[in-house]
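Written out below as structure tokens is the structure these notes cover.
The values are calculated or read from the model by the stated rules, or taken from the named source; none is laboratory data. This is a predicted model, so every value here is computed, not measured. Backbone-built Cβ (ideal geometry, glycine too); neighbour counts: all protein chains shown.
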Amino acid sequence: MPVLQEHPRFKGISLPPSGWALAILLTLYIFTGIIGHDPWKSDDAISLGIAHSIVADGHWLMPQLAGQPYPDAPFYYWAAAVFAKLFSWLLPQHEAARLASGLFTLLALEFILLAARELHGRAYAAAAPLILAGSIGFLFHAHEAQPMLAALTAHTAAYWALILLPRRPHFAASVFAVALALAFMANGLLPALTLLPVTLCALWAAEDRKKTAALLLAALFVALLLCGAWLVPVHMTAPEYLAAFWQGEVAPLSKSVQAVFNVLRYLNLLLWYAWPALPLAAWALWSRRKFLDSRPLALPIVSFVSVLLILGLNIETRSDLALLLLPPLVLLAVPGVATLRRGAANAFDWFSMMTFSSFAAIVWVVWSAIVFGWPERLARQAVRLEPGFVGAFGILAFAFSALATLVWFWMIITSPRSPMRGIMHWMTGLTLFWLLIAALWMPWIDFGKTYRQFSASLAKTLPPTANCIANANLPDSILASLDYFEGIRTVALKDPASKRCDWLLVHGQVRDSEALTTAGWRHMWEGKRPSDRRESEKFHLYRRQGKTSSLPSDIAVEGIESAPARR
């Protein structure tokens with residue numbers, strides 16, 4: 001292997017990676033998996049449903065979901081709607097809208113690179129985007145329609161601005177003002193509040209505190225003006241919408257949580273969510289025991305601890321919110337890459353190579369089972385998990401995946417010895433794994449997660465005259481999917497307008513179905529996705545039999561107490 005590395009014909013990518021190599025790797029990572037699948041249940045469907053409503057109905061000022069007001073910070077939905085309008089000629093609307101996530105992910109990686117370069121120097125700054133993109137939790141959210149990605153971009157830009165403040169104060173203050181406004185406009189109060197402690201830390205560490213305080217206050221004023229450009233028109237147009245927005249922002253912060261256990265749950269989540277940022281950050285702190293005297297480490301330490309406490313003491317554990325914990329961990333982890341001992345660095349490198357080589361082999365074997373039916377036992381399991389799916393061989397997906405696998409092994413063979421090799425192999429291996437999943441498994445995964453067939457089945461049952469459908473316990477993601485795929489919009493059962501509806505759609509098994517039948521409602525249809533097996537995952541459609549039939553104010557269902565909400 002050393003002979004291959006010394007021969008110019010087998011020369012690999014230099015480490016730290018140059019601009020073009022890093023750009024290609026991150027571009028593959030970011031845009032693989034963003035397109036090629038339908039909206040999925042969860043935040044992805046909700047965000048795409050709101051963007052679809054903006055494009056279809058023109059509700060730019062006050063976002064709506066399936067025809068109903070959805071009080072939320074609008075910036076991500078605006079960006080998704082703009083992408084949908086710009087690229088819907090080339091891609092399906094939901095895939096075009098999801099490109100907004102690619103943009104915010106790209107910006108977040110760029111800003112974390114700039115922040116690391118300013119904080120730790122150029123030598124190992126490239127490790128920062130590799131560590132952030134290589135964090136397992138980041139992978140899950142970077143490829144869905146997720147408003148928190150815009151807030152993450154705001155945080156990384158704010159950290160860069162605060163680090164840059166002593167050297168270029170006026171420019172940094174301008175960047176910080178925009179970042180603070182974006183944090184609020186992207187996801188509300190919480191991302192903006194979590195920036196305040198690190199801002200105070202930057203002020204305390206400044207040499208000229210009076211000048212720095214004036215600049216930060218000016219930045220805060222500019223941020224308020226930028227946010228006011230949305231808040232004031234909403235207040236003038238629909239004060240009740242704005243009141244509901246503020247209520248939605250304050251309610252999670254005032255909700256009682258088990259503080260100590262909740263903080264521990266966030267830390268427990270980070271054990272896999274923030275790998276490998278967490279162990280590298282821990283090593284950086286251990287190797288620099290006097291970290292409180294070190295400005296490069298003090299700022300991310302204060303940021304991580306404050307964000308963890310704000311989340312842990314106030315907000316129930318949520319995977320999307322944990323994204324805000326990653327940037328300070330990454331800034332802590334960068335010096336850990338440079339100071340990692342040779343034995344530990346080699347162990348991490350071998351772990352990365354063996355892990356993702358094994359994962360790649362597993363993906364190929366499962367793909368063979370899905371497409372060719374071999375191995376037979378695995379093929380039967382694939383059919384059991386997604387009944388009704390028929391695998392098909394795709395030459396482009398196969399060729400692209402085969403090329404990516406060969407490049408992976410070429411990188412393993414040719415990578416020069418460097419402290420960066422472990423994190424480079426980890427990030428490259430993760431990109432390969434995600435690329436293979438997206439290219440080879442995505443049709444199988446999408447078949448089980450999409451609500452396209454379910455929506456079409458429901459639409460066939462409903463007559464064209466069904467202009468009012470009440471719903472009971474339908475999650476926001478289902479409302480969004482029905483509206484996007486078939487234009488089916490429903491009225492919540494608690495809404496007085498639902499009393500005139502002749503149709504009722506229920507999510508889950510009705511506990512007292514006989515009472516509903518006695519009240520004059522006939523069961524017309526039931527449906528679910530092929531992979532849904534529990535009764536609580538089924539949907540039931542009822543029709544009013546007579547004008548005197550009464551609609552209950554609430555319907556209890558098995559296994560579901562209420563429709564889950566994102567906010």
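Data for the structure
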{"read-out": "Close pairs from the range 350-366: first more than 17 Å from VAL407 (Cα to Cα), partner in a helix (DSSP H, G or I) and of a type in the set (A, V, I, L, M), Cβ under 9 Å, at least 6 apart", "value": "VAL365/LEU378; VAL366/LEU378; VAL366/ALA382; VAL366/LEU440"}
{"read-out": "Boolean, LEU114 is touching a residue at least 60 places away in the same chain (Cβ under 8 Å) and assigned to a helix (DSSP H, G or I)", "value": "no"}
{"read-out": "Condition met for LEU297 (touching a residue at least 40 places away in the same chain (Cβ under 8 Å) and either surrounded by 16 or more Cβ atoms within 10 Å (Cβ to Cβ) or not β-branched (Val, Ile, Thr) (or both))", "value": "no"}
{"read-out": "Residue count, the range 127-144 (criterion: in a helix (DSSP H, G or I) and over 23 Å from ALA338 (Cα atoms))", "value": "5"}
{"read-out": "Cβ pairs under 8 Å, 6+ apart, first in the range 86-105 and touching a residue at least 12 places away in the same chain (Cβ under 8 Å), second of a type in the set (Asp, Glu)", "value": "HIS94/ASP38; ARG98/ASP44; ARG98/GLU144; SER101/GLU144"}
{"read-out": "Residue within the range 318-338 that is in a helix (DSSP H, G or I), acidic (Asp, Glu) and at pLDDT 90 or above present", "value": "no"}
{"read-out": "Criterion (within 20 Å of GLN545 (Cα to Cα), of a type in the set (A, V, I, L, M) and crowded, with 18+ Cβ neighbours inside 10 Å) met by exactly one of LEU504, LEU479, LEU474", "value": "LEU504"}
{"read-out": "Close pairs (6 angstrom Cβ cut-off, 6 or more residues apart or separate chains): closer than 23 Å to PRO71 by Cβ in the range 249-270, among the aliphatic types (A, V, I, L, M) and part of a helix (DSSP H, G or I) anywhere", "value": "GLU249/LEU189"}
{"read-out": "PHE176 closer than 16 Å to THR153 by Cβ and either in a helix (DSSP H, G or I) or at pLDDT 95 or above (or both)", "value": "yes"}
{"read-out": "Test: ALA80 is in the same structural domain as LEU329 (by TED's automatic domain parsing), closer than 26 Å to PRO233 by Cα, in a helix (DSSP H, G or I) and touching a residue at least 12 places away in the same chain (Cβ under 8 Å)", "value": "yes"}
{"read-out": "Any chance ARG98 is over 22 Å from the mean Cα position of the chain (by Cα) and either under 20 Å from TRP434 (Cβ atoms) or not small (Gly, Ala, Ser) (or both)", "value": "no"}
{"read-out": "Unique residue being surrounded by 19 or more Cβ atoms within 10 Å (Cβ to Cβ), in a helix (DSSP H, G or I) and outside the structural domain of TYR159 (by TED's automatic domain parsing) when the list is PHE348, PHE304, PHE359", "value": "PHE348"}
{"read-out": "Flag for SER481 being touching a Phe, Trp or Tyr at 6+ places or on another chain (Cβ under 7 Å), among the hydroxyl-bearing types (Ser, Thr, Tyr) and assigned to a helix (DSSP H, G or I)", "value": "yes"}
{"read-out": "Leading residue by the ranking (modelled with the lowest pLDDT) among those in the range 459-475 that are in contact with a strand residue (DSSP E or B) (Cβ under 6 Å, 6 or more places away or on another chain) and within 27 Å of ALA51 (Cβ to Cβ)", "value": "ALA466"}
{"read-out": "Unmet requirement for THR199, which otherwise passes all of (1) surrounded by fewer than 12 Cβ atoms within 10 Å (Cβ to Cβ); (2) touching a Leu at 6+ places or on another chain (Cβ under 9 Å)", "value": "(1)"}
{"read-out": "Single residue of LEU99, LEU114, LEU149, LEU103 found to be modelled with pLDDT of 95 or more and in contact with a Ser or Thr (Cβ under 8 Å, 6 or more places away or on another chain)", "value": "LEU149"}
{"read-out": "Subset of the range 35-74 [within 19 Å of ALA238 (Cα to Cα) and either within 15 Å of the chain's Cα centre (by Cα) or in a strand (DSSP E or B) (or both)]", "value": "GLN64, LEU65, GLN68, PRO69"}
{"read-out": "Members of the range 8-34 that are more than 30 Å from PRO443 (Cβ to Cβ) and in a helix (DSSP H, G or I)", "value": "PRO8, ARG9, PHE10, GLY19, TRP20, ALA21, LEU22"}
{"read-out": "Given (1) at pLDDT 90 or above; (2) over 28 Å from the mean Cα position of the chain (by Cα), number of the condition ARG342 does not satisfy", "value": "(1)"}
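Listed here are the residues, each with its yes/no results for (1) more than 15 Å from LEU106 (Cα to Cα); (2) surrounded by fewer than 24 Cβ atoms within 10 Å (Cβ to Cβ); (3) free of Cβ contacts under 8 Å to residues at least 40 places away in the same chain.
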| position | (1), (2), (3) |
| --- | --- |
| PHE138 | no, no, no |
| HIS143 | no, no, no |
| PRO147 | no, no, no |
| LEU164 | yes, yes, no |
| VAL178 | yes, yes, no |
| ALA181 | yes, no, no |
